[in-house]
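Working notes for the structure below.
The values are calculated or read from the model by the stated rules, or taken from the named source; none is laboratory data. This structure is a prediction, so every number in the text was calculated from the model and none was measured. When we count neighbours, we look across all protein chains shown, and the Cβ atoms used for this are built from the backbone with ideal geometry, even at glycine. The area values use the complete protein model at the heavy-atom level, side chains included, leaving out ligands, DNA and RNA. Shrake-Rupley method; radii C 1.70, N 1.55, O 1.52, S 1.80 Å.
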Amino acid sequence: MFTLFFIGCFVMMTLYNLLFYSLVKDRTYIYYCIYIFCNAIYITFAWLRVDDAVRDRILPNNEVYFDFFALSTTFAMVGYVAFIKSFLNLKVIFPKWDRFYTFMLYVAIPIVPFVVLVLSLDALKNEYATLSMFLYMLINVFASLPLIFFLIRTRQATNNFFIAGFSCLVLGALLAALTRFSGGISYIYFLAVGSLLEILLFSMGLAYKQMLIEKERQYAVIELEKEQLQAAHLKALNQIKTRFYTNITHEFRTPLTVIQGMTEQQEHPKAMQLIRRNSAKLLNLINQLLDLSKLDAGSLKINYKQIEVVSYIQYISESYQSLAEKKYIRLTVYSEEEELWMDVDEEKLRQIISNLLSNAIKFTDENGKVVVHLAKKENQLLIKVKDNGIGIEERALEHIFDRFYQIDNTTIQQGNPAQLYHAGGGTGVGLALVKELVELLDGAIAVQSTLGKGTTFEVQFPIKQVAAREELTAREYYIKPSILVEEFDTPASSENILPSLLLIEDNPDVIFYMQGLLEKRYQISVATNGEKGIELALADLPDLIVSDVMMPKKNGFEVVETLKQDERTSHIPIVLLTAKATQQDKIEGLKYGADAYLMKPFDKKELFIKKKNF
């Protein structure tokens, strides 16, 4: 019964490890299966030799069986040595021991045919075959003893399984040796139990090692995914930064076009006014970038003063009345408090209100309204800037305060007004700066918007009254946003005999500059967006069209595409005038059918030459 139980356990362990090998394709399991199978044969043969009655029935003087079992012992040791090398990964942790066991495997190559040879000689088989196998086994066992000492020092869980299994086998062998000479319980029982415990522990060690390998594989997969996500994030960040630098150069190029052009027309009565205004725009943009840089460095200081904040916000809002009136927008400031004294940083509050108001007015259509609502709630000042303009897409709301999140080139080409609103002019700096300034002043900002219906920004500041009180005075440093008095979006007079030119441009200073540049050569009509430009072109059929690219409602590419596909206007030359200066942008403009492409700031001589060629 014991023999059957023992054989059954060894067969099950062999099948179990063969199954694992079929799954993971690790040769360690093959070496281990060879060791288990051959060890089981050796133990079984040893037990049969002890029981004479069983031996006589199963091995009736058949020396072939003895030869088979003797060879199984040699192969068991070969499998054992190969298993140790692979399981313990000796090549990595103990290279010298790995070389020793590699040598022992090479030694086994002549031992196996030697055993076969001596077993074929009846006179020598019992002596030399047993001696060669015994010496090979003895060398491997004694070599493993000092290895155990080094494995203990590694303190690795995988090695502990090997140490425990080897210890069980050695203990079983020692007990078997003692009982063989002292009599009593048959020695083979101790040897079999020790061997079985060793195999169970080794199998557990293999399973544990495979679990670690799987964890490492999963960890490697996770790390790879992290690296891929990081790479994708860096790529996206680089794209964002590239768009940022592209768009900020656009913001620089437009006022530079006006400044450069007006320096050549200094005799014009409004030349200095345009130069100063566009210089102020450049300075304001640069100051915003510097403020962001100071915020990052933690060096942007707060200069609190206690002022009457209701009057101050009304004062700032009043500066935008002329800009609102130009677009026929009703700008209203409504306060639930007649006056409210609190600590504020005047300059930072001005930047916050100005950014929100300029965005609201810029992206609210004609005859719309913008409301600035002030209220005191508990110990908080609530400022709401609400408009009924184009609104913001829901997918853009979560990123609206992200730095450098601005106009996407594809979106611009599709004329997406919500993205244009969010861009705050195209740099992705304005609203990011607003949020960081609000938080610097211990406040909070939120936004609600519905596409096509309008947007509401709500800012909250804690009311503190610690700083010295200061009366509100005129702020000379504050630059009011000014506009041109001239009316745009008007057709040209029919009384002029000059050739007609349609200028499609949304920047009033550029319009003024281009009118001054071309008014003696062309009868000029103006449209401030692509949609109106297409309407005027189809109605008036001008001799020449000059169009900007980045505009609301319909961009320049869409204007070109629409007019070139219409038989009534397909013959009209179209010049695209833009700050988008890459070669790809130029190729794209020409691809849509534009006859010429000029980049801001442009040389007026180049403009005249191109017009002359049409």
Q) Excluding ligands and nucleic acids, what accessible area in Å² is computed for GLU535 using a 1.4 Å probe, to the nearest 10? A) 110 Å²
Q) Of all the accessible heavy-atom surface of the stretch 495-541, with the other protein chains kept in place and a 1.4 Å probe, what percent is carbon and sulfur? A) 48 percent
Q: Please identify which residues in the stretch 134-165 have an amide N closer than 15 Å to a label point set 7 Å out from the Cα of LEU178, following the Cα→Cβ vector.
A: none
Q. Put a dot 7 Å past each Cα toward the Cβ at ARG330 and LYS520; how far apart are the dots in nm?
A. 4.6 nm
Q: Run the quick spin-label model on THR456 and LYS369: label points 7 Å from Cα toward the beta carbon, then report their separation in nm to one decimal.
A: 1.4 nm
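How far, in nm, would the chain grow between GLN218 and LEU135 when pulled straight, counting 0.36 nm per residue and subtracting the alpha carbon separation? Kindly include the intermediate steps, with their values, before the conclusion.
Numbers: separation 83, 0.36 × 83 = 29.88 nm, distance 4.46 nm.
Roughly 25.4 nm would be gained on extension.
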Q: Run the quick spin-label model on LYS96 and ILE109: label points 7 Å from Cα toward the beta carbon, then report their separation in nm to one decimal.
A: 2.5 nm
(Q) Could you report the accessible area of PHE37 in Å², rounded to 10, computed with a 1.4 Å probe on the protein chains as they sit in the structure? (A) 120 Å²
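So if each residue of separation counts as 0.36 nm, and I subtract the Cα-Cα distance between HIS399 and LYS25, what length gain in nm does that give?
Numbers: separation 374, 0.36 × 374 = 134.64 nm, distance 4.88 nm.
This chain segment gains 129.8 nm when fully extended.
Set the bar at 27 Å for Cα to Cα. Now go through LYS215/LYS235; LYS327/LYS553; LYS327/LYS377 and name every pair that lies beyond it.
Values: LYS215/LYS235 29 Å; LYS327/LYS553 16 Å; LYS327/LYS377 33 Å.
Checking Cα-Cα distances, LYS215/LYS235; LYS327/LYS377 exceed 27 Å.
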